[in-house]
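In what follows, a single structure is set out as structure tokens and then discussed.
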Amino acid sequence: MEMGLHSSAMVPLIQTSIVIFLSFFFQTFHLAKRKDINMMLSIYILVQIALLVKQKIYLYNNEEKGIFLADSQSFIGVNYGQVADNLPSPESTAKLLQSTSIGKVRLYGSDPAIIKALANTEIELTIGTSNSDIQSLASDPNSATQWINANVLPFYPSSNITLITVGNEVITLNDQTLTSCLLPAMQNVQNALEKANLNGKIRVSTVHSMAVMAQSDPPSSGTIQPMYSDAMKGLLEFLKETGSPFAVNPYPFFAYQSDPRPETLAFCLFQPNSGRVDSGNGIKYMNMFDAQVDAVQSALNALGFKEVEIMVAETGWPYKGDSNEVGPSIDNAKAYNGNLISHLRSMVGTPLMPGKSIDTYIFALYDEDLKPGPSSERAFGLFRPDLSMTYDVSLSKSSQTPTPKPVTPSPKATQTVWCVPKAGVNDAQLQSNLDYVCGLGLDCSAIQPGGACFEPNTLASHAAYAMNLLYQTSGRNTWNCDFLQTATLTSSNP
């Protein structure tokens, strides 16, 4: 079963780039002789193409060596909470983050030690004002100026601050005074940034819980609670004018707790399931994350703010909890966060926002041992205080670098492991696995009539192809070949 994943696929792209490069070279040379006024523009294009070709050749050569680069990915972020008394130093944390593919960090405050530690790392940084700051920021423009002077200017641009969140889940606190101050506070912070000549470089937003939604199922019916709609329209107008994101905290974990059926768990963990059809538009959703995000998109559309981008400010899954809590476990946390990361890396997007991955901040970098509430509240950390992984979700750059291929060419060196169904799996489960993979948006054309792998035309063969397709394109992690324990890895080419 050949998946067409070899690096030879890069060759036509590289060849094409080289042809374009040479074409622009001679064109630029000709323009230079004529002293054409467009010469400098052509030279600029020439340089950009040269850099592109260099990058493609570098990637190609490294892939041939079995090295798959895991540079920081701008759409994968993490929340760095500090309600704890056992956290590692900011300097140690900065080194840890640089060893991962995490491209963004969100702070709930503006700890100067952390902001300084992240200087010159190129990691994008979101900092926040506390809810208790909102009233003073709203009532006094000088307060906003002082906040920017104290928390931004001493560190920027060495520390790559890109977003300021004013408060956290303010609207659903149902404090009318605080809610009425939220927009003026955001406006004053924005004005202070403009005075500091940082307009367009650092954006301003606020973060909402999913409780702002009146309805989210089906996703096409997504609407904002009527009691919040007036305040939300003002905030969205601000976000539209400033190009800032609508930040929201979707948690499939909580959705599962309210509906703890096995099929709901699979839907929440990005695992094989029969999917859920949106009765409003006929779209079939294969995971809860996409459904929740698209419900928010529908709500923004309904208010007339389709162009405002969505940012997932928090999402995650606890790895342990109290005996009466449904859902927390190492396996579930690893499946959710690992499959979420694979989903983001696939760039498939959601049904209403296809072909892109929205900025998503996983909760959380570390456990926060001083947080109140059930045990699960203190068990979301991806890393322990000693900087070791709580569980591996393929964020470490080193963990994404497979063992280099042998120096001596071998026919088996290009692909040695396949994901296939276990013996004895029934047809209903095979069909469910097949529907799940193809429903994700992966290319299943090879097993359609006339496709290269259509024969043998059996459910077992087609399911095996689809299951292996997901495994090979999602990072080749063991949890990508689970399929509710109906799959296994093999070194024999099926």
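The values are calculated or read from the model by the stated rules, or taken from the named source; none is laboratory data. Keep in mind that this is a model prediction, so the values were computed, not measured. In this analysis, Cβ positions are derived from the backbone assuming ideal geometry, glycine residues included, and neighbour counts consider all displayed protein chains. For the accessible areas, the whole protein counts, side chains as well, though only heavy atoms, and no ligand, DNA or RNA atoms are used. Shrake-Rupley method; radii C 1.70, N 1.55, O 1.52, S 1.80 Å.
Of everything listed in (1) of a type outside the set (S, T, N, Q); (2) open to solvent by 10 Å² or more (accessible area, probe 1.4 Å); (3) closer than 26 Å to Gln190 by Cβ; (4) touching a strand residue (DSSP E or B) at 6+ places or on another chain (Cβ under 6 Å), the single unmet condition for Ala247 is (2). Would you say Thr172 is surrounded by fewer than 19 Cβ atoms within 10 Å (Cβ to Cβ), in contact (Cβ under 8 Å) with a residue 24 or more places away in the chain and within 30 Å of Gly275 (Cα to Cα)? When the stated conditions are applied, Thr172 does not pass them. Residues of the range 302-311 that are more than 16 Å from Pro219 (Cα to Cα) and open to solvent by less than 20 Å² (accessible area, probe 1.4 Å): Phe305, Val308, Met311. Restricting attention to the range 450-494, the residues that are open to solvent by 60 Å² or more (accessible area, probe 1.4 Å), free of Cβ contacts under 8 Å to residues at least 40 places away in the same chain, of a type outside the set (Ser, Thr, Tyr) and on the phi < 0 side of the Ramachandran plot add up to 4.
Residue count for the range 85-108 satisfying the condition of being closer than 26 Å to Trp147 by Cβ and over 22 Å from the mean Cα position of the chain (by Cα): 4. Among the residues of the range 477-491, write down those that are modelled with pLDDT of 80 or more and either aromatic (Phe, Trp, Tyr) or outside any helix (DSSP H, G or I) (or both). Asp482, Phe483, Leu484, Gln485, Thr486, Ala487, Thr488, Leu489, Thr490, Ser491, listed by residue number.
Only a single criterion out of (1) assigned to a loop (DSSP other than H, G, I, E, B); (2) more than 23 Å from the chain's Cα centre (by Cα) is not satisfied by Ser159, namely (2).
Every condition in (1) over 18 Å from Phe254 (Cα atoms); (2) at pLDDT 95 or above is met by Met347 except one, and the failing one is (2).
Being touching a Lys or Arg at 6+ places or on another chain (Cβ under 6 Å) and open to solvent by less than 60 Å² (accessible area, probe 1.4 Å) holds for only one residue in Leu178, Leu193, Leu163, and it is Leu163.
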